[in-house]
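Inspection log for the structure reproduced underneath, given as structure tokens.
The values are calculated or read from the model by the stated rules, or taken from the named source; none is laboratory data. From a predicted model like this one, the values you see are computed outputs, not experimental measurements. For neighbour counting, all protein chains shown are included, and Cβ atoms are generated from backbone atoms with ideal geometry for every residue, glycine included.
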Amino acid sequence: MDVLAFKKINDTYGHPIGDEVLKVVAKRCREALRDRDLLARFGGEEFIALLAAPTNDEVHITAERLRRAIAAEPISVGGERIAVSISVGGAIGDALPGCDQTLLEELIGRADEALYEAKAGGRNRVRMAQPVTDSA
């Protein structure tokens with residue numbers, strides 16, 4: 001997921017406020033996920049979530065829940081109320097023994113492509129990567 005227009009937040013309010021905005025975004029995301037799911041800052045204003053044993057529908061539902069949790073109300077920090085939104089790209093794959101790193105890299109790449117589609121499609125939205133099908 002990507003915090004939209006984050007550069008503008010930093011430029012308008014300063015980097016200390018931007019850092020606080022990221023902390024609130026992380027808190028809201030953490031609250032929107034299950035205890036067994038993982039959330040991490042992936043770089044800059046991007047975050048990544050790894051859902052433990054999700055169903056196909058659950059990934060999209062969770063991504064929408066994250067998006068709504070961020071956009072639900074402005075973030076209050078430093079005397080300012082800052083409207084924040086995110087775009088989310090999602091991907092799903094089956095974990096197989098011995099291929100964890102390869103699977104994670106592939107899922108991250110597919111989710112990243114879906115994220116760019118979400119941003120290109122109007123921002124503040126969720127896009128899911130197409131499932132990979134075996135051609136064997």
Which pairs turn up if I take residues in region 14-26 that are farther than 12 Å from E80 by Cα and look for partners that are of a type in the set (K, R) and loosely packed, with under 15 Cβ neighbours inside 10 Å with beta carbon separation below 8 Å, at least 6 apart in sequence or on another chain?
L22/R41; A26/R41
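Where in region 59-120 are there strands (runs of 3 or more DSSP E), lying fully within it, with 3 or more residues that are in contact with a helix residue (DSSP H, G or I) (Cβ under 7 Å, 6 or more places away or on another chain) and surrounded by 13 or more Cβ atoms within 10 Å (Cβ to Cβ)?
Details: elements: 75-77, 80-82, 86-90.
Of the strands (runs of 3 or more DSSP E) lying wholly inside region 59-120, those with at least 3 residues that are in contact with a helix residue (DSSP H, G or I) (Cβ under 7 Å, 6 or more places away or on another chain) and surrounded by 13 or more Cβ atoms within 10 Å (Cβ to Cβ) span 86-90.
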Take L50 and tell me if it is over 17 Å from I108 (Cα atoms) and in contact with a strand residue (DSSP E or B) (Cβ under 7 Å, 6 or more places away or on another chain).
no
Which members of region 26-44 meet the condition of being within 18 Å of I61 (Cα to Cα) and not small (G, A, S)?
R28, C29, R30, E31, L33, R34, D35, R36, D37, L38, L39
Residue list for region 23-58, restricted to those being part of a loop (DSSP other than H, G, I, E, B), among the small types (G, A, S) and in contact with an Asp or Glu (Cβ under 8 Å, 6 or more places away or on another chain)
A52
Number of the condition not met by V59 [criteria: (1) modelled with pLDDT of 95 or more; (2) in contact with a Gly (Cβ under 6 Å, 6 or more places away or on another chain)]:
(1)
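Tally time: how many residues in region 92-136 are among the hydroxyl-bearing types (S, T, Y), over 19 Å from D57 (Cβ atoms) and modelled with pLDDT under 80? Write out each step before concluding.
Going through region 92-136, the residues among the hydroxyl-bearing types (S, T, Y) turn out to be 102, 116, 133, 135.
Going one step further and asking which of them are over 19 Å from D57 (Cβ atoms), we end up with 102, 116, 135.
Right, trim to modelled with pLDDT under 80 and you get 135.
Summing the residues that are among the hydroxyl-bearing types (S, T, Y), over 19 Å from D57 (Cβ atoms) and modelled with pLDDT under 80 in region 92-136 gives 1.
Based on what the data block shows, is F42 over 20 Å from A83 (Cβ atoms), aromatic (F, W, Y) and either in contact (Cβ under 8 Å) with a residue 40 or more places away in the chain or surrounded by 13 or more Cβ atoms within 10 Å (Cβ to Cβ) (or both)? First the steps, then the outcome.
Numbers: over 20 Å from A83 (Cβ atoms): yes; aromatic (F, W, Y): yes; either in contact (Cβ under 8 Å) with a residue 40 or more places away in the chain or surrounded by 13 or more Cβ atoms within 10 Å (Cβ to Cβ) (or both): yes.
In short, yes.
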